[in-house]
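The values are calculated or read from the model by the stated rules, or taken from the named source; none is laboratory data. Given the structure is predicted, the values throughout are model-derived calculations rather than measurements. So basically every Cβ, Gly included, is an ideal-geometry build from the backbone, and we count neighbours across all protein chains shown. Note: areas computed on protein heavy atoms with side chains; ligands, DNA, RNA excluded. Shrake-Rupley method; radii C 1.70, N 1.55, O 1.52, S 1.80 Å.
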Amino acid sequence: MTRFGVVLKNWLLALLICALLVAFSFAYLDVPIAKYFWNIGRFLHPLNKPLGGPVILGGESVVILLLLLLRLLRGHISRFAEILAIACLTSICAYGIDSQVLKVFCGVPNPTAVIHGARHAFNIMGGSGQSSFPSGHMVLSGSFAGVFMRHYRASIAPLAALLLLAAVLLLVGDWHFLSDLIAGAFVGVSAGLLAGEAWAVHTVRRA
């Protein structure tokens, strides 16, 4: 079996596991966990603006512009800087696809809406950027991390730990259901690994 075949087989296996975990969580865990953390989460909701997607996207955009400027001024940037730029670009693109396509398609109400009476269910093509599934923050951070995981194997463990910490905070803060976080992490990391692999192939051909 070719390397591509092995990678595809492993990804499909991971997709199956992710789908099973999402289905179980959606049916049995999401709402009970959201209700359990509701009294804590509502005190954390003021952090929505300073830690929201637009702020993070803005920061990544600034990083990309600074790296482009540095590239123009110096004529080159380091390998790390190149990967950082790719990670930021991948994160921005993945977040855009998630908020404008996946969330709209799935149409799952967020925990606040469900706590106040909305039905926890998929409403196909009935969602918006404010819908819950998959988690935009996990797509944003997972795709960024995935690029570095592909190029720096030593970063896998610490980045995985940071993603887990982010997921716990999003869960305790009642920003997302558990199924949102599982799906968002899978979509994000998959996008990051794909972009990282594409950049690795480009770098080899450029050399």
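Find the helices (runs of 4 or more DSSP H) located wholly in region 100-207 whose residues include 1 or more that are more than 26 Å from residue 13 (Cβ to Cβ) and more than 12 Å from the chain's Cα centre (by Cα), and list them. Quick ask: steps written out before the conclusion?
Numbers: elements: 103-106, 111-115, 136-151, 156-172, 178-206.
Ranges flagged: 103-106, 111-115, 156-172, 178-206.
Any residue at all in region 183-200 that's over 18 Å from residue 87 (Cβ atoms) and not hydrophobic (A, V, I, L, M, F, W, C)? Full working, then the answer.
Kept after step one, since they are over 18 Å from residue 87 (Cβ atoms), are these residues of region 183-200: 183.
Checking the rest, the ones that are also not hydrophobic (A, V, I, L, M, F, W, C) come to none.
There is no residue in region 183-200 that is over 18 Å from residue 87 (Cβ atoms) and not hydrophobic (A, V, I, L, M, F, W, C).
Where in region 1-89 are the helices (runs of 4 or more DSSP H), entirely inside, with at least 3 residues that are at pLDDT 85 or above and either of a type in the set (Gly, Ala, Ser) or open to solvent by 100 Å² or more (accessible area, probe 1.4 Å) (or both)? Write out each step before concluding.
Numbers: elements: 3-24, 30-36, 38-44, 53-74.
Where helices (runs of 4 or more DSSP H) fall fully within region 1-89 and carry at least 3 residues being at pLDDT 85 or above and either of a type in the set (Gly, Ala, Ser) or open to solvent by 100 Å² or more (accessible area, probe 1.4 Å) (or both), they are 3-24, 30-36, 53-74.
Give me the residue from region 173-184 that is open to solvent by less than 30 Å² (accessible area, probe 1.4 Å) and hydrophobic (A, V, I, L, M, F, W, C) and, out of that set, nearest to residue 35 (Cα to Cα).
Of region 173-184, the ones open to solvent by less than 30 Å² (accessible area, probe 1.4 Å) are 173-174, 176-177, 179-181, 183-184.
Filter once more, so that each one left must be hydrophobic (A, V, I, L, M, F, W, C): 177, 181, 183.
Values: 177: 10, 181: 16, 183: 20 Å.
Filtering first and then ranking leaves 177.
Mind checking which residues of region 81-126 are within 14 Å of residue 147 (Cα to Cα) and free of Cβ contacts under 8 Å to residues at least 24 places away in the same chain? Break it down stepwise before answering.
Looking only at region 81-126, we keep the residues that are within 14 Å of residue 147 (Cα to Cα), and these are 81-94.
81, 84, 85, listed by residue number.
Keeping to region 152-180, report how many residues are among the acidic types (Asp, Glu) and closer than 27 Å to residue 84 by Cα.
Initial filter on region 152-180 (among the acidic types (Asp, Glu)): 174, 180.
Then drop every residue that is not closer than 27 Å to residue 84 by Cα, which leaves 180.
Residues meeting the conditions: 1.
Can you name every residue in region 91-105 that is open to solvent by less than 20 Å² (accessible area, probe 1.4 Å) and of a type outside the set (A, V, I, L, M)? Lay out the reasoning, then the answer.
Within region 91-105, the subset open to solvent by less than 20 Å² (accessible area, probe 1.4 Å) is 91, 94, 98-99, 103.
Result: 91, 98, 99, 103.
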